[in-house]
1. Just checking, which of C:119, C:132, C:113 is in a loop (DSSP other than H, G, I, E, B), touching a residue at least 12 places away in the same chain (Cβ under 8 Å) and within 13 Å of chain B (Cβ to nearest Cβ)?
2. Just to be sure before I move on: is residue B:266 aromatic (Phe, Trp, Tyr), within 14 Å of residue B:68 (Cβ to Cβ) and in contact with an Asp or Glu (Cβ under 8 Å, 6 or more places away or on another chain) in the structure I sent?
3. Across region C:106-116, what is the number of residues that are of a type in the set (Lys, Arg) and modelled with pLDDT of 90 or more?
4. Would you mind stating whether residue A:108 is more than 9 Å from chain B (Cβ to nearest Cβ) and either within 21 Å of the chain's Cα centre (by Cα) or surrounded by fewer than 23 Cβ atoms within 10 Å (Cβ to Cβ) (or both)?
5. Do we find that residue A:203 is within 13 Å of residue A:25 (Cβ to Cβ), more than 13 Å from chain B (Cβ to nearest Cβ) and among the small types (Gly, Ala, Ser) in this structure?
6. With the condition kept exactly as written, say whether any residue in region C:303-324 is modelled with pLDDT of 90 or more, farther than 21 Å from residue C:215 by Cβ and assigned to a strand (DSSP E or B).
7. Return the residues of region A:252-302 that are facing another protein chain (nearest Cβ under 9 Å), outside any helix (DSSP H, G or I), under 22 Å from the mean Cα position of the chain (by Cα) and at pLDDT 80 or above; say none if nothing qualifies.
8. Quick check: anything in region C:143-161 assigned to a helix (DSSP H, G or I), among the polar types (S, T, N, Q) and either touching a strand residue (DSSP E or B) at 6+ places or on another chain (Cβ under 8 Å) or buried (at least 24 other Cβ atoms within 10 Å of the Cβ) (or both)?
Amino acid sequence: MTDGGDLGWWGVLIAVMGGAIRVSTPYLFVSLGETLTEKGGRVNLGLEGILVMGAMSGYGTAVVTGEPWLGVIVAGCAGSALALLHGLICNLTRVNDIAVGISLFIFGTGLAFFLGKPFINPSAPRLPHLELGAWSTYPQVRSALEINALFIIGVVLAFALAWGLKNMKWGLILRTVGDSTEAATALGYSVNWVRTMGTVAGGFLSGVGGSFLSLYYPGTWNEGLSSGQGLMAVALVIFARWNPIYCFYVSLLFGGATALGPALQTVGITSNYYLYGAAPYFLTLGLLIYSSSTKHSLAGAPGEVSISR
Amino acid sequence: MFGSTFNNGLEAVVINAAALILTLAGFGIFVALFGHNPLDVYYILYLGAFATQISIENTLTQSAPLMLTALCTAIPARAGLLVIGGEGALVVGGVATVLVGIHLGHLPPWAGVLIMGLAGSIAGGLWIGAAGALRQYRGVNETIATLLMNYIAIAIMNHLVSGPIRDFDQVLKTSSWSIPESLMVGTVPGLDVHWGLGVGVVTCVILYVIMRQTTFGFGVDILGGNPRAAQMAGLPINRMVLVCCFIGGAGAGLAGTMEIIAVHGFASESLVVGFGYAGILIAFLARQNPAAIIIVAILVGGISASGGLLQRRFDLPDATAAVLQGMLFVMVLASNTAYGRFKIFQVKAN
Amino acid sequence: MKKALPASARIGRVFALFYPMVADIEATTINLTSGRKKMSKKFQMSRRDVLHQGGNIIAAGSMMSLLPTLALAAKTVTVGFIYVGPRQDFGWNQSHWDAARKVSKIKGIKVVEQENVPETAEVEKVMQSMIELDGAKVIFGTSFGYWKSIKKMAKKYPNVLFTHIGAIWKSGDPKNVIGYRGYTEEPHYLCGIAAGRMSKTGKIGFIGSKPLYFIYNNCNGFVLGARSVRPDLTCNVVLTGEWNNPVKEAETTNSLIDKGCDVIVANVDSPKVSVETCERRGVFSCGYHSDLSSLAPKGFLTGAEWNWASGAEFVRAFTTGKPYPNLKRGGFKDDMVGLSPFGAAVPQKVRDEILTAKQAFVDDKLKIYKGPLKDNKGNEVLKAGQVISNTDIKFKLGVRFFVEGVAG
């Protein structure tokens, strides 16, 4: 504590909170996307590919046009396109949605790396942020409260989706289709159509999540940009019990856990950083073991989703 | 009986060949969009993968670990589980191999290699077996559990090689201690391909026989096809699931062993290069058939092998091979729907 | 199937299936024959490319089995570069890519490149493929983990020159292998001087990837340089544990800035993220690997660069039959490292000071490790009067401590 700028352990707390907000947004978007997909009764393990594709296409668009928000939209559309592919293939009989997801993971990342080569080097304009911490005299607090609009959109979306799934007609249809194919067919809904739309909407959100990575934080495009945020979406959704609001909390938790390691090292706790880094995975697995049971499926799980059976 | 098997086989060949041709056509359009002549690209694919002895050796080297990691998904899948933990099991197997191998310098090479192989297989087997046990006794979804366990295995390995089992004489990379040079295995006779290939082929063949010819294999197929029927038939379901998970994990663990004893000599993050995830798809492409895994792995290995030549000849990005692989995976998976739709393959019921 | 391939090539292709061949593309120019006329204009370039390098290699291969001396007629030398990551990454791989550009400018040299080659058995096959299918005579293996494979391939291909960036060649290793590497702790020392002069808080930050000797040395150079102009300065060190993880690097940079550090250098594969994050938050940054000055027009001070292009001299020596060293290490004195252009923020006085220090490295007057020196746990490393030569690699390889002034 040599000068006023050093907040010691408070600094760690602020850094973790700031990190939670900064790092959580892509987790939030992919988990919301996966929730929509799974509520319709399918699992899309290809969100990693979609996320990376979104990050690349968003960045590329921003580099070329100079418009980061256009990049976000393009990223969402690219994500929808890949998700549509997933949806259409899974509409065929005897096709395993998880395997298609993994092949989409490889195809999407491959395509993104292929098309993204020219964009590794240039810098793109960054998405703007709101200075919610302007009241504070501490630069640490100000920086932690620099909040990107996408984060706010994500939070609003989480609550809106939670409400919509419960109260809107589309939510009801989606849940019916996800819970029981027979019931939905009996009610006259086209199961495949609804599921495909759920997947496409999920793909859009995941693509937007990817664009957050490349256009805001960390705000670059390279081939190591995603460290598995898309793959983790499936686990996050289970963690969040298919509830969009819980998705928000879980994303914050994962973001904070990512920030914990570096923050601890700055105050001198330097060993075992690999294990701190894996903390979210240990935590999720532990929680999964704790809450599972052979007697019944997980609370909130859509009945038709393969991973909840 | 024979007629039906033959027809089924023919059906699979025709459908997969059609999927392959469609993929190549799609890929041709893709490269044409970037100003390359598809025919030239096809030719380079062939040249890089199969045209010369070194291309073939390259292909086989690429395919060797994939055969073993594919088993990690294929065998449990026959019992109805979807395991995606090959990456983690490979890492765990590799680390176990090193931990055991460093103490075996005094043994004759064959004994040392055998023990290391056992160590890797058992470690990988227990790793995936644990996921199987969690599912059977606790109801934990095995797909998610093995996904998380991949990250955990990698983190544990990184932790070990950067501290507890680190060899500080290896100055360029955080790596574990090395196994004795005498226990490293060389290449398959007549080919410049490491022994991982031989082990992979033999393991796949043995498992093909087990899953096809034994009562156990038959029981597993019943379980995978219809769990309720298996229960009615009084099959020991829990034990069968655990055994399948163990075998699958052992396959991936063995892949880790081979990476250590034939390639690296030590554990490091070079074990984590995506063999496990590629293996999942190979298992699905081979429709969980261990013998077909050999062929599919070679095909996919060939694409990776020719990727380098595509890069150097056409200045196409390295990701071109991934694009082609992704297209192939998507196409073959989609083609699954075609089975049973063509009358000519259906044997008339007597 | 190709319609218009020369007959010789077609036969050759069949032949090649059964016969392992050694081909040298440059010898293949002899048999470019018919078949090009029918092609559409659009694809002519690529087609020609392929004919050059693809189809006719085979033909050449089969012909060469009859006429093995043909390869001697080759004048151009093919040099293969193998990268572990993408080659334009504003970092490690780009520093080699820059070198490849310089090598390719040498007359009679043709460069072939392959990126994202993992450190597995794959790299051996890539080298073989470059040697046998592209006729490469020199291979630049630009990642640490290629070392074992390089040694293996060097034994198999004694007529090919291999270089490796680890500089860990020792006697007994194949003679056709060169290990070379610059002492980047020297430019880090200069970055440290800039940091010490420019820091307002007296706190600087160092982001490392893995706990490896050169990371320790770079960090110590950075801190010693900074403390040489500002003895009370401290440095926070964070290891991310990974060579490439942009989210973690950004997070680490932010937490260092939150901690009060106002000059940061990142020793990761691509410091782009860290430099850009510093620029956004209005603190200074230094670069590593290649020139990053364009990423941070306001806050960039200077950076530590490699000069891998010195590998060009090995190619020259090898192709002209002149002797070459098996091991080459050096700092500014041997022109093995470089310093990035100064950022606008650095005043002339500081620039002069840094350039003077750089000259002192060139003249071998400035030593990085000299007594009295303590590590950051208070243990004495060097007694007063003890001096470690800048080329004392044995000492440097053993460095596993941070010097006094490092927190964390």
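The values are calculated or read from the model by the stated rules, or taken from the named source; none is laboratory data. Remember, predicted model here, so these are calculated numbers, not experimental data. Don't worry about glycine lacking a Cβ; one is built from the backbone with ideal geometry, like all the others, and counts go over all protein chains shown.
1. Values: C:132 fails: in a loop (DSSP other than H, G, I, E, B); C:113 fails: in a loop (DSSP other than H, G, I, E, B).
Exactly one residue qualifies, and that residue is C:119.
2. Here the answer is no, as residue B:266 does not meet what is asked.
3. Narrowing region C:106-116 to residues of a type in the set (Lys, Arg): C:107, C:110.
After this cut, where a residue has to be modelled with pLDDT of 90 or more as well, the list is C:110.
Summing the residues that are of a type in the set (Lys, Arg) and modelled with pLDDT of 90 or more in region C:106-116 gives 1.
4. So residue A:108 fails the test.
5. The answer is no for residue A:203.
6. no
7. Hit for region A:252-302 is A:278, nothing else.
8. Yes, region C:143-161 contains at least one residue that is assigned to a helix (DSSP H, G or I), among the polar types (S, T, N, Q) and either touching a strand residue (DSSP E or B) at 6+ places or on another chain (Cβ under 8 Å) or buried (at least 24 other Cβ atoms within 10 Å of the Cβ) (or both).
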